[in-house]
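Only one structure is covered here, and it is reproduced in the block below.
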Amino acid sequence: MNAQDNLELGVKTSRNATLALAFLAFLKGAVGIYSGSTVLFADAVHTGLDIFASLAVWIGLKISLKSSKHFPYGYYKAENIIALFVSLLILLSGVELLREGFTGANTTSQIEFQGLALATAVFSVLTIYGLSIYKRNVGTKINSQSLIADAVHSYTDAFSSMIVVVAVLGSMLGVSKLDSLGTIVISLLIFKMGIESARDAVLTLMDAWLDEDESERIKKDIRNIPGLIELEDLKLRKSGLVVFGEATVEVEGETDLKRVELLSEEIKTAVKKEVENLEHIVVNVKPVQRKNFRLALPVFDKNGFQAKLSEHLGKAPYFLFVEIEEGKAGEYQIIENRFFNSEKKGGMKAVDLIIQEKANVLAVRNVGEGPYYMLRDNFIKILQIPDGADTAREVLDRFQNLEEITVPAK
């Protein structure tokens with residue numbers, strides 16, 4: 001799903017949660033008044049406040065769907081603002097539970113219809129817990145910070161409703177203050193959840209990127225893109241559900257617009273592999289002179305630098321790959337060309353092999369149109385093997401003076 005679809009799913013989820021909480025608040029309030037359970041009525045008021053929090057998430061996600069010329073990057077950060085607001089409500093819930101724990105909130109009152117009150121309290125716990133799971137699953141799926149924060153809020157409210165269950169049971173058994181200590185412990189856990197949620201919301205509003213492991217995986221994928229000399233910089237920032245980015249990369253020499261567009265798409269694909277809701281990424285391409293090369297040479301045999309050169313790219317039985325650093329030949333590797341007897345597209349298949357072996361320069365006698373553009377699109381430089389050169393060594397000795405092939409053979 002794209003960002004808009006995710007936002008619409010989030011809106012639907014928060015709307016359903018708001019309606020469910022409204023029904024639950026009404027049910028607990030009615031049963032609380034009917035049965036004379038003050039603690040159940042108080043929990044109904046608490047749930048009524050939760051409606052406000054859930055409604056805030058709903059509104060925040062709805063706002064994120066809007067667009068305006070005054071907000072060229074959208075209203076997505078409204079979702080983060082709401083997440084911060086909900087985090088503060090989580091902290092307030094912790095304060096409320098802590099107060100109840102210290103003031104003996106479990107002191108029982110005379111309840112006339114204890115079974116009905118108990119059944120309503122248990123139903124409340126199950127419903128709120130179910131809502132928490134529902135919102136958390138959808139929030140995780142669409143990567144909605146506010147919906148996840150609201151799920152945590154609902155999770156803490158389930159504990160609050162459990163206090164009501166214990167209170168009613170205490171009334172039925174004649175035992176009070178069973179849950180004071182547990183309430184205090186739970187309130188401290190709630191504080192921890194609220195502080196973490198608020199921290200994430202604030203850092204996201206300040207354009208911080210919180211997942212360093214994810215960032216490193218993205219950088220690794222980008223560096224593996226053929227033709228890239230170096231990934232100079234990568235900046236990512238979240239705005240609500242979506243992610244914006246900027247990458248600065250180095251490539252050899254001047255590049256035409258088409259090749260830049262292809263490179264940008266590959267970088268975008270690498271980022272989307274880890275970040276589902278990528279809205280936009282700007283790619284800055286810096287032309288530089290490459291110092292180290294991995295040279296591919298089509299050859300007839302496995303005699304290393306003395307190997308005989310092949311006249312045709314697709315018909316070469318082997319390819320010699322040589323590491324060239326600061327103009328000097330170093331380690332080499334000879335790989336068999338499995339497709340040299342192919343009747344069709346032998347040259348294209350040979351280029352596939354060259355790309356897989358991460359060569360960034362190829363020296364050949366000539367190259368056909370299909371392989372030529374395939375090599376160019378993958379930022380592989382094509383050099384002309386000079387007349388009179390019969391072995392790999394002769395090409396390596398003259399490597400610095402080889403001319404570039406700029407048009408395919410007819």
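Straight distance only, please: which lysines reach the Cα of Lys220 with their own Cα at less than 27 Å, same-chain residues fewer than 8 apart left out?
Correct list for Lys220: Lys141, Lys235, Lys238, Lys258, Lys268, Lys272, Lys273, Lys286, Lys291, Lys349, Lys358, Lys381.
What ³J(HN,Hα) values, in whole Hz, does the Karplus curve 6.51 cos²θ - 1.76 cosθ + 1.60 give for the range 352-359 when θ = phi - 60°, with x put for Gly and Pro?
Per residue, the Karplus-derived 3J(HN,Hα) values read 4, 4, 4, 5, 4, 7, 6, 6 Hz.
Please report, in Å, the Rg and the Dmax of the range 262-410, where both are computed over Cα atoms only.
Reported Rg and Dmax, both Å: 16.6, 55.
Coordinate-derived values only; no laboratory data. Quick caveat: nothing in here was measured; it's all calculated off a predicted structure.
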